[in-house]
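The values are calculated or read from the model by the stated rules, or taken from the named source; none is laboratory data. The model shown is predicted, which means the values in this text are computed figures rather than measured ones. Positions of Cβ are generated from backbone atoms using ideal geometry, with glycine treated the same way; all protein chains shown enter the neighbour counts.
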C-alpha cells in the first residue's frame, strides 16, 4: 500500500467510548472532518445520527455492542462486535489508517493485541503521550497508563520502544531518562533502581534519573516510567495547569484595570490556553502494536476528541513502530 | 511548658543542608527573622558568619560536621555532631520549638526517629505537604517522599496520620482520598488496591480513589499515596505551574499592547505568582515524630527557606501529632 493511499484512509473512531459518548465523540469527529481529516464513526447508528449535522462527510459503521467504562477489559475478548473491536478490525482490513477510542482503555489494549497484534520484539503495549516542554521541545512520556506494577525489566523495554517512537517524531538521537524522585543513582523506588543499570546497558542515549522539573525543562526527550506513576503524573500536570489558568482568571476579574489589561493581552492568553491545555494533546499512542492505535483522553470533550483524531491521522502518516531491537538479556 | 513559652522559642535551622547552603539558608533565615520569627542557625560558624548581616538577631550554634546530600541516610546514626542532629537535639532539650533542614531528607528522618522518637501508634514517619487547591482550600498530600515501595497496610496508616494532621490545621472532619489513576474500586496499582478496603474500614471520612484533577479541585482534604508517587506528583505540579508562568511571560513579551496589558494586570500577576509558587509552601512536615520537624524544599532558595521556617513556627504553635489511634488489624 503506497503512502498516499494510507493517508487517504479514514481514522476509525469508537463513537461509543468516553464520558459523554456518543454526543461529544460525534462533535469532535465533525470538527476533525472540518479540519480536513477523514473519519469513520463506529457505533450505534440510531444514537449517533441525531448528533450528526446533515451533509457531514462521515462514514458510519453500525454495531449494537459497546464495552462500558466500568467493565473488565477482558470481556472484550468474546465481544467481536463491540465498537472498539470493529474499529480495530477496520484497520486490520485496510479500511482505516488508524483506530481511536476514548472508552475503556484496558479493553482497547486487549482488543489491539487480539485484532492487530504486537510489533516484533515487544512484550506488551505501552501508551506514549507527548507533552509540551517549557523550552519549546516535546516530551514523550511512557507508560502513560497501560501497565501498572511494572518490573524494572519492563521499564527498560519501554525505554527502547519510547526511543523508537521519538525517532518517528523526528527526534534523531533521543535522550532517554528514567522518571524518579531524585537524580542520584540510588534514588527511586524498586522499579527504578532495578531499571537503571538495565537501561544504562542499552544502545540508547541514557541521561539517568530525571525529576519532573528536569523533564519539563528539557533534560530528556523520552521519560520512562510505570503506567500508574505516569498516568498520575500526567493528570497532575493537567490539573496544575488548569488550576493556574483558573487562578489567572480570578486575578483578572478582581479589578477593572486588570480586565482592560487582559483585553490587551487577549491574543496572548488565547495562545497560552492552547499551549497549556495538555488534554488537547489528544491522549496517547498505543506503542508496540503493528498499526496506529490512539487512546483518547477519558474526559472526551469535543476538542480532545478532535485532537485525538488529528494525533491518529498524523501518527499513521509517520507509520507505527513495527519492530524493536531487543537485546537478548531483557 | 506553656504555649506562650513555646511560641517564643526559636526554630532550629540546619544551615549546612540544601543546594546553596549555607548562603541561601542564611539569607532565608534572615528574611524569616525580619518577618518576626525567631531562628537559631546550626552549622559551621566560620562559613555562616560571612552571610550574616551585622546586628541580625540570630543565635548561632556551631558544629563542624554536616551530612552531605549524597551520603547514605544511615551515616547520621554515628554522627552525633552533624548539624541536622544538633538541630533535633535543641528541640529535644527544649531550646527550640521545631527543627528545619533542607538537606539530606533521609538523614533528617533517621535523625528525627533517633533523637526525638516516634509518636504513639506510628510505625514510620511520613512527610505531609500542604498544597493550594483551585477551590481555595488546602490539600494535605502524604507521603510526599519519606517512604518508597510502601505496602497497602502502610498507606492505610498514612491515612490515619494525615487525618490527624488535617485536624490540627483546623479541618474538622477531613475527607480522605487514595491517589489513583482512576476512581473505580478496581483501579490503582497493587498498593492502592490493597489499601482501599483497609482505609474503607477505618473510622475516617473516606471518599475513595481520587485522581489528581479531583484532588486539586476539592474532592478531598487529605490525599494518601506512596512517597515515590507523591514526590513525583508534587514535583510535576510545581514544574507544570512554572511552565505555565514561563509561557505566560513569553506571550506577554510578544507584543507592545500585551506589555501594557501585563502592566495593568501586574498586581494580579504578582498575586498569581505567589499563589502558584508551590515550592514557596515550604516543603513538608515530618509526621509521626513527637516534635515538629520540617523537611525543607531541596531547591533551597531564600524564599523557600523562609517559607519553611514559617511553616515550622506555625506548626509548632499548633503542636505535633503525638498519638494516632491505631486499629489493631493494621
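Some notes on this structure:
- When the test is whether a residue is in contact (Cβ under 8 Å) with a residue 24 or more places away in the chain and over 18 Å from the mean Cα position of the chain (by Cα), residue A:109 does not pass it.
- Of all residues in segment B:224-241, one or more are in contact with a helix residue (DSSP H, G or I) (Cβ under 7 Å, 6 or more places away or on another chain), more than 9 Å from chain A (Cβ to nearest Cβ), touching a residue at least 12 places away in the same chain (Cβ under 8 Å) and within 21 Å of residue A:231 (Cβ to Cβ).
- Of all residues in segment A:5-37 being without any contact (Cβ under 8 Å) to a residue 60 or more places away in the chain and not in a helix (DSSP H, G or I), the one that is nearest to residue A:106 (Cα to Cα): A:22
- Residue within segment A:268-279 that is in contact with a strand residue (DSSP E or B) (Cβ under 8 Å, 6 or more places away or on another chain) and modelled with pLDDT of 95 or more present: no
- Scanning segment B:182-212 for residues that are at positive phi and assigned to a strand (DSSP E or B) turns up just one, B:208.
- When segment A:193-206 is limited to residues that are surrounded by fewer than 18 Cβ atoms within 10 Å (Cβ to Cβ) and in contact with a strand residue (DSSP E or B) (Cβ under 8 Å, 6 or more places away or on another chain), the one that is nearest to the other protein chains (Cβ to nearest Cβ) turns out to be A:200.
- Qualifying positions in segment B:169-181 - free of Cβ contacts under 8 Å to residues at least 40 places away in the same chain and either in a strand (DSSP E or B) or buried (at least 21 other Cβ atoms within 10 Å of the Cβ) (or both): B:180, B:181
- Single residue of segment B:4-15 satisfying the filter (at pLDDT 90 or above and more than 18 Å from the chain's Cα centre (by Cα)) that is farthest from residue B:67 (Cα to Cα): B:9
- Test result for residue B:310, surrounded by fewer than 16 Cβ atoms within 10 Å (Cβ to Cβ), in contact (Cβ under 8 Å) with a residue 12 or more places away in the chain and more than 14 Å from every other protein chain (Cβ to nearest Cβ): no
- The condition of being part of a helix (DSSP H, G or I), in contact with a strand residue (DSSP E or B) (Cβ under 6 Å, 6 or more places away or on another chain) and surrounded by 15 or more Cβ atoms within 10 Å (Cβ to Cβ) does not hold for residue A:61.
- From the list A:86, A:49, the lone residue that is in contact with a strand residue (DSSP E or B) (Cβ under 9 Å, 6 or more places away or on another chain), more than 14 Å from every other protein chain (Cβ to nearest Cβ) and buried (at least 20 other Cβ atoms within 10 Å of the Cβ) is A:86.
- Residue in segment B:89-103 that is part of a loop (DSSP other than H, G, I, E, B), under 22 Å from residue B:20 (Cβ atoms), touching a residue at least 60 places away in the same chain (Cβ under 8 Å) and touching a helix residue (DSSP H, G or I) at 6+ places or on another chain (Cβ under 8 Å) present: yes
- Condition check for residue B:210: within 14 Å of chain A (Cβ to nearest Cβ), within 16 Å of the chain's Cα centre (by Cα) and buried (at least 22 other Cβ atoms within 10 Å of the Cβ): no
- Checking residue A:162 against (1) surrounded by fewer than 24 Cβ atoms within 10 Å (Cβ to Cβ); (2) out of contact with any helix residue (DSSP H, G or I) (no Cβ under 9 Å at 6 or more places or on another chain), the condition it does not meet: (1)
- Residue tally, condition buried (at least 24 other Cβ atoms within 10 Å of the Cβ) and at pLDDT 95 or above, over segment A:16-46: 11
- With respect to the stated conditions, residue A:107 fails to be buried (at least 16 other Cβ atoms within 10 Å of the Cβ) and part of a loop (DSSP other than H, G, I, E, B).
- Residue-level analysis places residue A:260 among those that are surrounded by fewer than 20 Cβ atoms within 10 Å (Cβ to Cβ) and without any contact (Cβ under 8 Å) to a residue 24 or more places away in the chain.
- Of the residues screened, residue B:113 is one that is out of contact with any helix residue (DSSP H, G or I) (no Cβ under 6 Å at 6 or more places or on another chain), part of a helix (DSSP H, G or I) and either modelled with pLDDT of 90 or more or away from chain A (no Cβ under 14 Å) (or both).
- Answer residue from segment A:182-192, given it is touching a residue at least 24 places away in the same chain (Cβ under 8 Å) and within 22 Å of residue B:238 (Cβ to Cβ) and is surrounded by the fewest Cβ atoms within 10 Å (Cβ to Cβ) among those: A:184
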